[in-house]
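Report on the following structure.
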């Protein structure tokens with residue numbers, strides 16, 4: 001599981017910081033999460049192959065999370081894309097993109113499929129044989145979803161020595177990988193644990209931005225391996241954070257602790273602070289395993 | 001008259017090139033012309049004061065000329081703007097921006113005035129005591145206008161020595177600056193040319209992008225001091241240029257020659273060529289005074 005931060009700063013633009021966008025590589029997918037202005041240039045800078053992006057998840061319709069989407073969709077056309085592109089985001093996203101394409105008398109020469117979200121409840125929005133994606137409804141000024149990405153358990157690994165020892169026929173291997181026991185011809189039952197090894201633990205990632213402090217998400221992200229949680233402000237600016245429905249580093253850490261996550265990645269920093277290390281210091285007082293996102297930073301989990 | 005090129009490359013984004021946007025400083029105005037994605041970051045990089053921009057001119061609604069506008073409008077709000085902002089562009093621009101603001105439950109805390117354009121004829125769209133702006137209808141795939149910026153003639157300059165010599169009363173000075181002769185008390189008439197100097201010649205600038213080769217614009221831009229004319233392609237790719245309704249460097253130079261302009265600035269280059277010097281070489285064979293736009297380049301005219 002690899003996470004590339006394309007941008008992780010709050011809205012006010014500066015020369016050297018980018019608004020929210022990130023790429024999650026999981027189970028051979030390359031999921032683009034949010035798409036602030038300039039995302040396509042950030043994709044280039046970080047050498048992400050445009051053609052590998054087939055699913056884009058948009059948390060909410062504030063500009064710093066989606067004003068890069070129209071340009072990216074246009075660029076896909078210029079690059080001769082033919083494959084379907086799936087966009088998941090709040091209702092209205094289809095109307096906005098369609099209007100912008102219409103005004104430019106533009107078109108996409110590839111199928112563009114919108115999956116508009118309206119539910120205030122968590123819901124499954126993508127699933128294949130290896131991974132699932134569901135929403136994590138957040139508490140922001142407008143309708144906003146986080147996203148929970150979860151690998152499905154892989155097949156168990158065959159214990160080659162054990163199956164040889166019991167002379168088990170190949171025909172049983174698929175069942176063994178699925179966790180089933182095997183009955184030998186002499187009547188003995190060999191338990192699956194003797195014939196196979198545990199697969200690698202499925203990994204999971206939760207993206208939660210933008211949101212105020214919202215413990216309601218805890219059951220939805222419980223034990224997630226990596227939680228990206230916004231921390232726009234420090235605790236000293238908690239009045240601002242309440243007013244704008246953003247979170248502080250302290251609050252992000254509280255959520256991480258309550259949900260017993262493996263690791264907390266902070267981001268969506270206001271550009272008012274001198275150093276983003278301040279966010280880490282504040283969060284670490286509550287939760288130990290803290291990482292700081294930064295534009296261009298790559299995490300391998 | 002100062003022209004800052006924020007971006008001057010055609011649509012396909014690269015790490016180091018920006019789509020169309022430029023700032024024209026003329027008669028204390030700071031006019032923003034087109035606003036491709038990333039314009040606000042380019043404004044920062046080039047240290048242009050956001051607060052000095054009060055008028056934005058959008059040539060057409062292709063993304064590489066206006067996908068930076070929604071973000072810029074949002075940023076003005078974050079920066080606490082109070083002054084009116086005027087946007088001139090094709091019909092539809094108001095609907096697009098309004099929808100994007102509405103979806104984000106955003107607002108502007110300053111008056112945002114749209115001046116939507118639909119006329120296929122040239123028209124005056126801005127005028128004050130010092131400068132006028134009119135449209136230059138172009139020939140592109142969708143409704144597109146160039147813009148012609150023209151200083152008004154300044155007042156004549158008082159010849160301080162001459163008025164002293166004739167002992168002319170201060171009450172006449174304003175008339176002298178306006179070009180009037182003065183009748184002395186002894187009946188003699190002193191011609192204005194003896195009492196004042198010519199003011200500096202009014203300057204003018206024409207922005208013509210995007211467009212195919214379109215000699216119909218020649219009368220509209222005749223004798224302009226500086227013509228920015230797109231040259232997406234070289235003559236060797238004229239088939240492409242005809243198909244996409246863009247111009248070649250050769251065609252831009254032909255227009256410059258026909259209109260007897262002072263100087264030709266080329267831009268809107270396709271990124272397919274190894275060096276933009278090729279554009280200059282091609283144009284100079286037809287028209288001598290050629291400049292190459294480039295991102296971040298500043299021209300003082």
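The values are calculated or read from the model by the stated rules, or taken from the named source; none is laboratory data. All values derive from a computational prediction rather than experimental measurement. Here the Cβ is made from the backbone with ideal geometry for all residues, glycine too, and neighbour counts use every protein chain on show.
Which one is farthest from residue A:142 (Cα to Cα) among residues in the range B:90-119 that are touching a strand residue (DSSP E or B) at 6+ places or on another chain (Cβ under 9 Å) and part of a loop (DSSP other than H, G, I, E, B)? Residue satisfying both the conditions and the ranking: B:119.
The residues of the range A:21-49 that are facing chain B (nearest Cβ under 10 Å) and without any contact (Cβ under 8 Å) to a residue 60 or more places away in the chain, listed by number, are A:36, A:37, A:38, A:39, A:40, A:41, A:43, A:44, A:47. Here residue B:122 clears all of (1) at the interface with chain A (Cβ under 9 Å from one of its Cβ atoms); (2) assigned to a loop (DSSP other than H, G, I, E, B); (3) crowded, with 16+ Cβ neighbours inside 10 Å except the condition numbered (1).
Residues that are out of contact with any strand residue (DSSP E or B) (no Cβ under 8 Å at 6 or more places or on another chain), free of Cβ contacts under 8 Å to residues at least 12 places away in the same chain and not in a loop (DSSP other than H, G, I, E, B): does the range B:243-266 have at least one? So far as the range B:243-266 goes, yes, one or more of its residues are out of contact with any strand residue (DSSP E or B) (no Cβ under 8 Å at 6 or more places or on another chain), free of Cβ contacts under 8 Å to residues at least 12 places away in the same chain and not in a loop (DSSP other than H, G, I, E, B).
Matching residues to (1) buried (at least 21 other Cβ atoms within 10 Å of the Cβ); (2) touching a helix residue (DSSP H, G or I) at 6+ places or on another chain (Cβ under 9 Å):
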residue: B:155; (1), (2): no, yes
residue: B:176; (1), (2): yes, yes
residue: B:186; (1), (2): no, no
residue: B:197; (1), (2): no, no
residue: B:201; (1), (2): no, no
residue: B:216; (1), (2): no, no
residue: B:220; (1), (2): no, no
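Residue B:105 passes every criterion in (1) modelled with pLDDT of 95 or more; (2) within 14 Å of another protein chain (Cβ to nearest Cβ); (3) more than 21 Å from residue B:62 (Cβ to Cβ) apart from (1).
Restricting the range A:74-87 to residues that are surrounded by 19 or more Cβ atoms within 10 Å (Cβ to Cβ) and under 20 Å from the mean Cα position of the chain (by Cα), which is nearest to the other protein chains (Cβ to nearest Cβ)?
Here the residue is A:87.
A count restricted to the range B:1-34 and to residues that are touching a strand residue (DSSP E or B) at 6+ places or on another chain (Cβ under 9 Å) and outside any loop (DSSP other than H, G, I, E, B) stands at 19. Does residue A:220 satisfy the criteria of being in contact with a strand residue (DSSP E or B) (Cβ under 8 Å, 6 or more places away or on another chain) and assigned by TED's automatic domain parsing to the domain that holds residue A:122? It is true that residue A:220 is in contact with a strand residue (DSSP E or B) (Cβ under 8 Å, 6 or more places away or on another chain) and assigned by TED's automatic domain parsing to the domain that holds residue A:122.
In the set (1) more than 8 Å from chain A (Cβ to nearest Cβ); (2) part of a loop (DSSP other than H, G, I, E, B), residue B:56 fails one condition alone, (2). Within the range B:59-89, the residues that satisfy the criterion of being part of a helix (DSSP H, G or I), in contact with a strand residue (DSSP E or B) (Cβ under 9 Å, 6 or more places away or on another chain) and farther than 14 Å from residue B:111 by Cα are B:64, B:65, B:66, B:69, B:72.
What about residue A:206, is it assigned to a strand (DSSP E or B) and either in contact with a helix residue (DSSP H, G or I) (Cβ under 6 Å, 6 or more places away or on another chain) or within 30 Å of residue A:124 (Cβ to Cβ) (or both)? When the stated conditions are applied, residue A:206 passes them. No other residue among B:90, B:70 is within 11 Å of chain A (Cβ to nearest Cβ) and within 24 Å of residue B:247 (Cα to Cα) apart from B:90. Restricting attention to the range B:4-15, the residues that are away from chain A (no Cβ under 14 Å) and surrounded by fewer than 23 Cβ atoms within 10 Å (Cβ to Cβ) add up to 1. The sole residue among B:29, B:115, B:140 that is buried (at least 20 other Cβ atoms within 10 Å of the Cβ) and at pLDDT 95 or above is B:140.
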